[in-house]
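To start, the structure under review is shown below, and the notes come after it.
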Amino acid sequence: MKKFEILKKISDVGVVAVVRGNSIEEAINISKACIAGGITPIEVTYTNPMATEIIKELSKEENIVLGAGTVLDSETARVAIMAGARYIVSPGFDLDTAKLCNRYQVAYMPGCMTISEMINAMESGADIIKLFPGNAYGPSFIKSIKAPLPQINIMPTGGVSLENIDQWIKNGVIAVGVGGQLTNGTPEEIIETAKKFIEKVRLARG
């Protein structure tokens, strides 16, 4: 799947499931439940020491938009890409990771907090800016960013919930990253929660 196709699928769905899990099996089951509920973009975080193995297993799944999260350096990014990740998400911006992702035409989503950081990341080829932590600002901050940078694609992570996702979407984000509120629970509960997030995005987009 080409980079532009990955970015379009993330934009179309509007939600990226941030998957951790305490084991390979748990992370895979969580991911499958999210996909069954309609959230196909899955971000496997490298806070899990088994992340590479999880990505390798999930890369066999159909209808998955698979990425790696909490990627701190280019070495980890390359390992994730070789394992099957099609986009890389970082809590902060790293130039070497940006260069590597550009080299392999893999989407890069670095975490930024200030306008200067966002401009620097965009100039280095970042496709989507991860606003992190989102709960430090709130949905209204998006309009403040997009006033001087109307062209920016923003994905907040942290602080996104069923109660406020509509405000994030209406204020102009391309997608949101959601962890615990989506991924905690039984597979059946995760499927239902995923469906609720998808419906909230649909209604917010009108």
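So here's what we get for this one:
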quantity: Selection within the stretch 167-187 - over 11 Å from Gly14 (Cα atoms), assigned to a helix (DSSP H, G or I) and either without any contact (Cβ under 8 Å) to a residue 12 or more places away in the chain or under 17 Å from the mean Cα position of the chain (by Cα) (or both); calculated: Gly180, Gln181, Leu182, Thr183
quantity: Any chance Gly14 is touching a helix residue (DSSP H, G or I) at 6+ places or on another chain (Cβ under 7 Å), within 14 Å of Gly177 (Cα to Cα) and surrounded by 18 or more Cβ atoms within 10 Å (Cβ to Cβ); calculated: yes
quantity: Filter result for Glu57 (over 30 Å from Ala147 (Cα atoms), surrounded by fewer than 24 Cβ atoms within 10 Å (Cβ to Cβ), of a type outside the set (A, V, I, L, M) and touching a residue at least 12 places away in the same chain (Cβ under 8 Å)); calculated: yes
quantity: Test: residue in the stretch 105-126 that is over 22 Å from Thr47 (Cβ atoms) and open to solvent by less than 20 Å² (accessible area, probe 1.4 Å); calculated: yes
quantity: Pairs, first within 8 Å of Asn171 (Cα to Cα) and exposed (fewer than 12 other Cβ atoms within 10 Å of the Cβ) in the stretch 137-152, second modelled with pLDDT of 95 or more and of a type outside the set (Gly, Ala, Ser), C-beta under 7 Å, six or more apart; calculated: Ser140/Asn171; Lys143/Asn171
quantity: Residue under evaluation Leu72, criteria (1) surrounded by 22 or more Cβ atoms within 10 Å (Cβ to Cβ); (2) under 23 Å from Pro156 (Cβ atoms), criterion not met; calculated: (1)
quantity: Tally, over the stretch 1-21, of residues that are over 20 Å from Thr76 (Cα atoms) and more than 14 Å from the chain's Cα centre (by Cα); calculated: 4
quantity: From the options Asn63, Asn48, residue that is surrounded by fewer than 23 Cβ atoms within 10 Å (Cβ to Cβ), in contact with a Lys or Arg (Cβ under 6 Å, 6 or more places away or on another chain) and free of Cβ contacts under 8 Å to residues at least 40 places away in the same chain; calculated: Asn48
quantity: Odd one out for Met113 among (1) within 30 Å of Ser74 (Cα to Cα); (2) in contact with a Pro (Cβ under 9 Å, 6 or more places away or on another chain); (3) modelled with pLDDT of 95 or more; calculated: (3)
quantity: Ile30 being open to solvent by less than 10 Å² (accessible area, probe 1.4 Å) and either touching a Leu at 6+ places or on another chain (Cβ under 8 Å) or modelled with pLDDT of 95 or more (or both); calculated: no
quantity: Enumeration of residues in the stretch 141-166 that are aliphatic (A, V, I, L, M) and outside any loop (DSSP other than H, G, I, E, B); calculated: Ile142, Ile145, Ile154, Met155, Ile165
quantity: Of all residues in the stretch 93-130 being in contact with a helix residue (DSSP H, G or I) (Cβ under 8 Å, 6 or more places away or on another chain) and in contact (Cβ under 8 Å) with a residue 40 or more places away in the chain, the one that is farthest from Gly177 (Cα to Cα); calculated: Gln105
quantity: The stretch 75-92 - residue that is among the hydrophobic types (A, V, I, L, M, F, W, C) and in contact (Cβ under 8 Å) with a residue 24 or more places away in the chain and, of those, most open to solvent (accessible area, probe 1.4 Å); calculated: Val79
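The values are calculated or read from the model by the stated rules, or taken from the named source; none is laboratory data. Just so it is clear, the structure is predicted and the values come from calculations on it, not from any experiment. Positions of Cβ are backbone-derived with ideal geometry, glycine not excepted, and every protein chain shown enters the neighbour counts. When the accessible area is computed, the model is the full protein with side chains, heavy atoms only, and any ligands, DNA or RNA have been set aside. Shrake-Rupley method; radii C 1.70, N 1.55, O 1.52, S 1.80 Å.
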